[in-house]
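Data block below; observations after.
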Amino acid sequence: MGKKGKSKVFVESKDVAVDLARSVADIEEQKSRAKVEAHHSKASAHATSSSEQKHKSSSKTRLERAKAVVAAQAARAKREKAKLRKKARTSAAGDEDAPKSQTISGEKNKFNSGGMPRKRVTFG
């Protein structure tokens, strides 16, 4: 007894074989076009995101500029403080016409360069 299965069908005509090959080729081409279109759509989406990246980079540069301005202001304030300390020192040194007994006794040394009284420290 033989197998009860579907028997093979052979194509006898060349036209039928060519039609079959064309239909397979068309299906494969549609698949490849779909892949290409998907790739192009991703590329165009990437192109729009690059303009967003330019926007992000411009916001980054704005942030860097703002930081530079703040740093410049801090440096300027530091220089001004140094000038004020130097002026205070030179004006204190300019009081040399005061009697030396006062400077030796430490009346001048009770205040630090900022004009605030010095804190006393006790050990023990």
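The values are calculated or read from the model by the stated rules, or taken from the named source; none is laboratory data. What you see is a predicted model, and the numbers here were worked out from it, not measured in a lab. Areas reflect the complete protein model, heavy atoms only, side chains present, ligands, DNA and RNA absent. Shrake-Rupley method; radii C 1.70, N 1.55, O 1.52, S 1.80 Å.
Consider residue 93 carefully, then state whether it is open to solvent by less than 100 Å² (accessible area, probe 1.4 Å) and modelled with pLDDT of 85 or more. It is false that residue 93 is open to solvent by less than 100 Å² (accessible area, probe 1.4 Å) and modelled with pLDDT of 85 or more.
Scanning the range 1-23 for residues that are at pLDDT 90 or above and open to solvent by less than 80 Å² (accessible area, probe 1.4 Å) yields 21, 23.
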